[in-house]
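Colleague: This is the structure I have questions about; it appears just below.
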Amino acid sequence: MKHMAPPVFWRNMKERYAMVGNKCLSCGSITYPGRAPCVKCSSTLYEKTRLSGKGKLISWTVVKTAPTGFEGPYVVGMVELEEGPLFAAQVIGEEQKMQYNAPVKAAFRRLLETEDHLLVYGTKFELSG
Ligand SMILES: [Zn+2]
């Protein structure tokens, strides 16, 4: 078997862990996860930018019947990041405390356990207010 470059998977994991997005060099808009071309102006020139991980909750829903590997019930929310992009992720916290515009911050947590017991980690948000 041919030697392979580090898989994209791990590079993506690193970017997700550090919350690195793309900042368009033409119009300044930020995408997370990073996308090119820019969703606003179609420019392909960008630089990597580290996001604060802070945002606010703009909508959420309770998932009562969890998919295989996930522990339910849990909350999935749409978070508007401080830098602008919207990001959907699991939200940690009491359902009663969730409200529109509630401040949240990113946390790197276990997302799920696969059938062969591999633990998958990723970004969740927790209430910070
Ligand atoms: Zn742009």
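The values are calculated or read from the model by the stated rules, or taken from the named source; none is laboratory data. In this text, all values refer to a predicted model and were calculated from it rather than measured experimentally. Neighbour counts are summed over all protein chains in view; Cβ atoms, including those assigned to glycine, are modelled from backbone coordinates with ideal geometry. What goes into the accessible areas is simple: the full protein's heavy atoms, side chains included, and nothing from ligands, DNA or RNA. Shrake-Rupley method; radii C 1.70, N 1.55, O 1.52, S 1.80 Å.
Colleague: Given 23/64; 48/124; 54/97; 64/105, which pairs have Cα atoms separated by over 29 Å?
Modeller: Working: 23/64 36 Å; 48/124 21 Å; 54/97 17 Å; 64/105 23 Å.
Long pairs (Cα-Cα over 29 Å): 23/64.
Colleague: Roughly how many percent of the accessible protein surface of the chain is carbon and sulfur, given a 1.4 Å probe and a whole-percent answer? Walk me through the numbers on the way to the answer.
Modeller: Details: 4690 of 8700 Å².
Carbon and sulfur atoms account for 54 percent of the accessible area of the chain.
Colleague: Mind checking which of 66, 88, 107 has the largest fluctuation in a GNM of the chain, springs on alpha carbons under 10 Å?
Modeller: Answer for the Gaussian network model of the chain: 66.
Colleague: Between the DSSP loop rule and a limit of at most 10 other Cβ atoms within 10 Å, which chymotrypsin sites (Phe, Trp or Tyr not before Pro) in the stretch 24-122 are left? Don't jump to the answer; show the numbers that get you there.
Modeller: Details: sites: 46, 60, 70, 74, 87, 100, 108, 121; in loops: 70, 100.
Here the chymotrypsin sites (Phe, Trp or Tyr not before Pro) that fit, given the DSSP loop and packing criteria, are 100.
Colleague: Per the Kirkwood treatment, what hydrodynamic radius in Å, one decimal, follows for the stretch 26-92 from the mean inverse distance over all distinct Cα pairs? Don't skip to the answer; put the middle values down first.
Modeller: Details: mean 1/r = 0.0731 Å⁻¹.
Result for the stretch 26-92, one decimal place: 13.7 Å.
Colleague: Also, quick follow-up: So for the pair residue 20, residue 105, with labels modelled 7 Å out along Cα→Cβ, what separation do we get in nm?
Modeller: The modelled label-to-label distance comes out at 2.2 nm.
Colleague: GNM on the chain, C-alpha springs below 10 Å: top fluctuator among 68, 49, 31?
Modeller: Of the options given, 68 has the highest mean-square fluctuation.
Colleague: Report the percentage of all Cα-Cα pairs in the chain whose separation exceeds 20 Å, rounded to a whole percent. Numbers along the way, then the final one.
Modeller: On the way: 4329 of 8256 pairs.
Tail of the P(r) past 20 Å holds 52 percent of the pairs.
Colleague: Among 55, 93, 77, determine the one that fluctuates most according to a GNM of the chain built with springs between C-alpha atoms less than 10 Å apart.
Modeller: Of the options given, 93 has the highest mean-square fluctuation.
Colleague: Per the helix-only calculation at 222 nm, which mean residue ellipticity applies to the chain, given -39500 (n - 2.57) for every DSSP H run of n ≥ 4 and division by its residues, nearest 500 deg cm²/dmol?
Modeller: Working: 1 runs with 11 residues, N = 129.
The per-residue figure over the chain is -2500 deg cm²/dmol.
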